[in-house]
Amino acid sequence: MTGLLPGMKADELREKYLKFFKSKGHAIIPSASLIPENDPTVLFTTAGMHPLVPYLMGEKHPGGKRLVNSQKSIRTTDIEDVGDHWHNTFFEMLGNWSLGDYFKKEALGWSWEFLTDKKWLGLEPQRIYVTVFEGDEDAPKDEESIQIWKDIFKTVEIDAKEGDRIFVYPKEENWWGPAGVTGPCGPDSEMFYDTLREPCGDSCEPKCSCGKYVEIWNDVFMQYNKTADGKYEPLKQQNVDTGMGLERTTAVLQGHDNTYETELFQPIIKEIEKITSKGFKDDNETTRLMSIVADHIRAAVFILGDEKGIVPSNLDQGYILRRLIRIAIRKLKQLGTEENVTVQISEKVINTLKHIYPEIEQNKKFIFEQLKLEEEAFRKTLTRGLKEFEKMCEDKVIDGKEAFILFTTYGFPFEMTQNLASEKGVEIKVEEFNEEFKKHQELSRTASEGKFKGGLADHSETATKYHTATHLLLAALRKVLGDHVQQKGSNITDKRLRFDFSHTEKLTDEQKKEVENIVNDAIKNDYEVKFEEMTLDEAKQAGAVGVFEHKYGEKVKVYTVFNPNTQEVYSKEVCGGPHIEKTSTIGYFKIKKEESSSSGVRRIKAVLS
Ligand code: SER
């Protein structure tokens, strides 16, 4: 790429972004965890708006109505694209939000100012192209944004015409959300930067995937709620949700047409070059393989470093983690490396971002241990598995049973077998594998995202009851087992709650009964639920428990469950809400299962009736 490029570093971009929006009245909030709390519809936080869903739906945020941050995100749907220049499994998303405050004019105007003003990014206006929603039966064409863009481009003497500078596309291109199955969503307007590459043909325009136009920012006008039956209802407030990919924009600013050439990836790539004695730019295939290794190990480091204790497994997040690590190992093998090297590579990942996300440094030991275990286990079966795979390929087709054997006996994630088959031009029976899978009830819910309906994300009444029930449960567990019990994770659907907490031993039947009785008494006594806003320190002093990862910024909400007659406090937790107002509406609480979740963490599944 050519042109006037300031060559800004990622750290500077991140800092400038936060500073710019702070100057426009936004409160800087910290990145939330990569593992969503109380949203069972997705496995990972996929965008900055994701942890903000309750506030987009109308809950009050302690930081106010204008927020900005850099959010750790994971998109596994892009997993097949990784290895091209612009997709990363783990990425940082810079985002600013209006929670029922400003709308299109300010959002687009500020995006433009930040992108083009020399004080900020100083990108060339003539290289910016934008897209807007064309309208359908769910929502009208976004004429307002088209007019705003025309006015903006006029200020730099560009006559922005539809189909030339402003492109109008359907939902597939210009609609964002919900993050899971249900929840806030709306039409969006995207900004692309022209890399000045030759167009790939006459129809080359922003939506084209040839790489000439790179999407760098997305302003979503979240004014709808998608319900479980697929309808789009207007939200009670008009929100703005924007997202700028840090890696992509850094690459653009530095004149690279590849995110892997930025300082966010280069130290990792250099280590892979050293290990494999090959060069990143030797040929396209080497570039691709090294990019995948760097990307997958980086994502694995962030999942393992997220303090939720996710470990490689055959279920949910653990399966995605396993898949990332194992695919990276196979790619390393393709690059000629037979030694255990993921720990060595992960050290470089940690060094690139520990100053922004200190948790990856703090959890270094855990990250190294888990990578080592997984790599040792997988390398033992990989070579034999590949031989077996070759044999299976002789008849030019991998059937469901064979793929299943590769999975159970040799530990090949299915996606890896799919990948191997496609490289060899061999057919793979996906449906048959799924059947096999179901029969063995092993991985019933693994890689599928969007698997439950009706979590807290859609604010359904039942899910809200379950949410309040988790507060009652945590308080009961602390009463029965002791104050060492902390929440480690929570996942709610409208059918059950799943609650992870720190405790080493299995609960006895008596303990389970006692916990149930305490929760059911709290329900019968019809306690009230209220919230107050305070600083995190005040919350701690007030004896509130909760996930103290500073995720709500300066001020937090503290929910108290109390006896309205005596004012006696039953539970006090830092939490974003929402909750029901009186416990008697919860119903009857029953523990269905109590089991180990990971080392030092127990898991309870419970239902309400
Ligand atoms: N949620 C939107 C996106 O991910 C904007 O942040 O593109």
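See the values below:
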| read-out | value |
| --- | --- |
| Relative contact order (%) - the chain, alpha-carbon pairs under 8 angstrom, separation at least six | 14 percent |
| ³J(HN,Hα) computed for each position of the range 210-222 - Karplus, 6.51 cos²θ - 1.76 cosθ + 1.60, integer Hz, glycine/proline x | 6, x, 5, 9, 10, 6, 10, 8, 9, 9, 9, 9, 7 |
| DSSP-defined beta bridges in the chain - what % are antiparallel, rounded to 5 | 85 percent |
| Residues whose placed amide H lies under 5 Å from that of V545, excluding near-sequence neighbours | K572, E573, V574 |
| As computed over the range 455-549, the Cα convex hull volume per residue (Å³) | 126 Å³ |
| Sulfur and carbon atoms: percent of accessible area, the chain [1.4 Å] | 47 percent |
| Amide H within-cut-off set for G489, under 5 Å, with H built and near neighbours excluded | D500 |
| Å² per residue, accessible surface of the range 176-330 at 1.4 Å | 31 Å² |
| With DNA, RNA and ligands ignored, accessible area of H85 (1.4 Å probe; Å², nearest 10) | 60 Å² |
| Exposure of D159 as accessible area (Å², to 10), given a probe of 1.4 Å and all protein chains | 100 Å² |
| Built amide H within the under 5 Å cut-off of V601, gap 5+ | H503 |
| Helix-only [θ]222 nm of the chain, DSSP H runs n ≥ 4, -39500 (n - 2.57) each, per residue, nearest 500 | -11500 deg cm²/dmol |
| As computed over the range 65-150, the Cα convex hull volume per residue (Å³) | 163 Å³ |
| Lys/Arg +1, Asp/Glu -1 at C-beta; the range 302-407 dipole; positive extreme among F302, N363, T381 | T381 |
| Solvent-accessible surface ranking, highest first, for E505, E427, E374, E415 at 1.4 angstrom | E505, E427, E415, E374 |
| Using a Förster distance of 51 Å, the FRET efficiency for E124-T508 (Cβ separation, nearest 0.05) | 0.15 |
| The range 76-148 and the range 340-386: distance between their alpha carbon centers, rounded to Å | 34 Å |
| Area of D138 that stays accessible when all protein chains are in place (1.4 Å probe, Å², to 10) | 50 Å² |
| Global form of the range 24-103, assessed from the alpha-carbon gyration tensor, a/c cut-off 1.5 | prolate |
| Simple Cβ-charge dipole of the chain, Lys/Arg +1 and Asp/Glu -1, about Cα centre, in debye nearest 20 | 1640 debye |
| Selection from G489, A522, Q541 lying farthest towards where the dipole of the range 462-552 points positive, charges on Cβ | G489 |
| Lys/Arg +1, Asp/Glu -1 at C-beta; the range 1-128 dipole; positive extreme among V82, Y17, P36 | Y17 |
| Integer Hz, Karplus 6.51/-1.76/1.60 couplings in order for the range 427-440, x for Gly and Pro | 6, 10, 8, 5, 4, 4, 4, 4, 4, 4, 4, 4, 4, 8 |
| Charge dipole (debye, nearest 20) of the range 300-405; +1 at Cβ of Lys and Arg, -1 at Cβ of Asp and Glu | 140 debye |
| Stokes-Einstein D for the chain, Kirkwood Rh over Cα pairs, 10 °C, 1.306 mPa s (µm²/s) | 62 µm²/s |
| Cβ charges +1 (Lys, Arg) and -1 (Asp, Glu), total dipole of the range 226-286, debye | 260 debye |
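The values are calculated or read from the model by the stated rules, or taken from the named source; none is laboratory data. Since we're looking at a predicted model, the values are computed, not measured. Quick reminder, even Gly has a Cβ in these numbers, built from the backbone with ideal geometry, and neighbours come from all protein chains shown. Accessible surface areas use protein heavy atoms only, side chains included; no ligands, DNA or RNA. Shrake-Rupley method; radii C 1.70, N 1.55, O 1.52, S 1.80 Å.
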